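The values are calculated or read from the model by the stated rules, or taken from the named source; none is laboratory data. Model, not experiment: these values are computed from the prediction. Note that each Cβ is placed from the backbone with ideal geometry, even for glycine, and that neighbours are counted across all protein chains shown.
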Amino acid sequence: MGFFSIFLDLLFPPKCVFCSKILNKSDDGWCDRCTESLPFTENYGKQDGDIFDFCISPLYYTGVVRRSILRYKFRDAPYYADVYGKFLAECIRECRGHAGFDISYDLISWVPLSNKRERSRGYDQAMLLAMSTALELDEVAVETLKKPHDVQAQSELGDKAERRANISGAYTASDPDIINGKRILLIDDVVTTCSTLDECSRVLLSAGAAGVVCAALARGE
Ligand SMILES: [Zn+2]
């Protein structure tokens with residue numbers, strides 16, 4: 001370790017991405033206490049989609065996980081993606097080959113932010129998550145969707161019908177040649193009602209995708 005990184009560690013000691021506790025040297029971005037107590041899902045947190053096959057999630061969107069993801073999205077913490085990618089890649093790896101979990105795919109992609117929102121935030125959190133997950137799996141993530149216009153944040157809306165109406169028509173396929181005939185693993189950070197994943201899947205299937213399966217870091221309880 002060089003002088004400069006020792007200096008940086010003294011000034012900004014690495015903290016657990018979930019609970020913000022200062023980490024030991026041997027920790028890998030999260031602490032032992034969180035390894036024991038994070039709200040892990042059962043059965044890969046599987047949710048069936050109306051349009052995509054199913055979505056898996058390693059964690060529930062609650063407690064320290066929820067607070068961590070909110071920091072990731074709104075407090076300029078893009079490096080959290082490195083840790084999140086490890087959790088998501090492990091979940092994808094583990095569910096391969098399990099009965100009822102056909103997680104096979106030809107390419108990894110993500111649910112994009114609108115350009116306007118990405119500019120104001122500085123980064124697209126689902127894209128970073130997809131890239132770090134793909135890196136863990138020795139693959140690459142590829143853009144398949146764009147979100148030309150901003151819509152109201154889904155989290156500000158109520159029931160599924162309202163969310164579906166809000167998001168309808170918000171996404172377009174970025175390059176049908178990339179999508180055509182491919183089974184796509186679509187990644188997002190949080191999934192609650194599945195309306196966004198359904199709409200993205202509809203656009204991908206209309207553009208010729210052979211199927212869509214989804215993975216999100218955290219899901220609603
Ligand atoms: Zn922790």
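Summary of computed values
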| quantity | calculated |
| --- | --- |
| Residue among LEU137, LEU145, LEU107, LEU129 that is within 19 Å of VAL212 (Cβ to Cβ), within 11 Å of the chain's Cα centre (by Cα) and touching a residue at least 12 places away in the same chain (Cβ under 8 Å) | LEU129 |
| Positions within the range 50-71 being over 16 Å from the mean Cα position of the chain (by Cα) and either near the ligand (Cβ under 9 Å from one of its atoms) or in a loop (DSSP other than H, G, I, E, B) (or both), in sequence order | ASP50, ILE51, ASP53, VAL64 |
| Unmet requirement for GLY29, which otherwise passes all of (1) over 20 Å from VAL191 (Cβ atoms); (2) surrounded by 14 or more Cβ atoms within 10 Å (Cβ to Cβ); (3) without any contact (Cβ under 8 Å) to a residue 24 or more places away in the chain | (3) |
| Of all residues in the range 12-44 being modelled with pLDDT under 90 and under 15 Å from LYS86 (Cα atoms), the one that is farthest from the ligand (Cβ to nearest atom) | ASP28 |
| Condition broken by ALA218, with the remaining ones in (1) surrounded by fewer than 19 Cβ atoms within 10 Å (Cβ to Cβ); (2) closer than 23 Å to SER68 by Cβ satisfied | (1) |
| Qualifying positions in the range 42-55 - surrounded by fewer than 19 Cβ atoms within 10 Å (Cβ to Cβ) and farther than 13 Å from VAL191 by Cα | GLU42, ASN43, ASP50, ILE51, ASP53 |
| Residues (among the polar types (S, T, N, Q), under 29 Å from LEU59 (Cβ atoms) and modelled with pLDDT of 90 or more) located in the range 161-188 | SER174 |
